[in-house]
1. Where Lys and Arg each count +1 and Asp and Glu each count -1, what net charge lies around ALA58 among other residues with Cβ under 15 Å from its Cβ?
2. Between SER2 and ALA104, what is the label-point separation in nm under the 7 Å Cα-to-beta-carbon projection?
3. Leaving out ligands and nucleic acids, note down the accessible area per residue over the chain with a 1.4 angstrom probe, in whole Å².
4. Size of the dipole of the chain about the Cα centre, Lys and Arg at +1 and Asp and Glu at -1 on the beta carbon, nothing else charged, in debye to 20?
5. So what is the 222 nm mean residue ellipticity for the chain from helices alone, if each DSSP H run of at least 4 adds -39500 (n - 2.57) and you divide by all residues, rounding to the nearest 500 deg cm²/dmol?
6. What FRET efficiency comes out for ASP157 versus HIS47 if R0 is 30 angstrom and r is the Cβ-Cβ distance? Round to the nearest 0.05.
7. Could you look at the range 101-163 and say what percent of its accessible area is carbon and sulfur, using a 1.4 Å probe and all protein chains?
8. Among the DSSP beta bridges whose two residues both lie in the chain, what percent are antiparallel, rounded to the nearest 5?
Amino acid sequence: MSLVVVHSGESATSRTRALAVAALEAGGGGQLIELSALSADGLLGRHPDPAVDAAVAAASGATRLVLASPIYRATVSGPMKAFLDRFPSGALAGTAVVLAATAAAPQHYLALDTSGRALVASLEGWTMPTVVYALSADIVDGTVSDDVRDRLGRALDEAARVAGP
């Protein structure tokens, strides 16, 4: 069972990256895709980009996929949306997807349900009932709180049950 974690945090020290790394740890390891390291022109589809193609292939080939994004204006980040736009129709069929996000305010909690689930459904993936929404107080100096780690574990357990052996 393969685990791929994609994050659209802006830097190596972002809270979103810390959340993504915690997801990898909770899931027993796997591959981390850092969208900030990929070409913007490739993510936007302005020209072919082997690194973006490889990231899409890895994410769409995973049995368990975690999508971790900061929440901006009540939706996932632009790089995450641009990345998912590179996927062909049906690319996530049979993939168990965990939605995770970081945000400064609790008011946008439903962004994962309103935008995240719709994005995954448009690619025929299965989103897990448990989402992980972490506020600034939940990730301090790169350390993810026990509560968030517990939610990550619960969501990844759901994904393992859905993905099967």
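The values are calculated or read from the model by the stated rules, or taken from the named source; none is laboratory data. Small disclaimer: the values here were computed from a predicted structure and weren't measured. Quick reminder, even Gly has a Cβ in these numbers, built from the backbone with ideal geometry, and neighbours come from all protein chains shown. Note: areas computed on protein heavy atoms with side chains; ligands, DNA, RNA excluded. Shrake-Rupley method; radii C 1.70, N 1.55, O 1.52, S 1.80 Å.
1. Details: positive: ARG64, ARG86; negative: GLU34, ASP49, ASP53.
Surrounding charge for ALA58 is -1.
2. Simple spin-label model gives 3.7 nm for this pair.
3. Details: 7450 Å² over 165 residues.
Here the residues of the chain average 45 Å² of exposed surface.
4. Numbers: 12 positive and 16 negative charges, 48 e Å.
That gives a dipole near 240 debye.
5. Details: 6 runs with 60 residues, N = 165.
That calculation yields -10500 deg cm²/dmol at 222 nm.
6. Values: r = 40 Å, r/R0 = 1.34.
In this case the efficiency is close to 0.15.
7. Taking all protein chains in place, the range 101-163 shows 54 percent carbon and sulfur surface.
8. 15 percent
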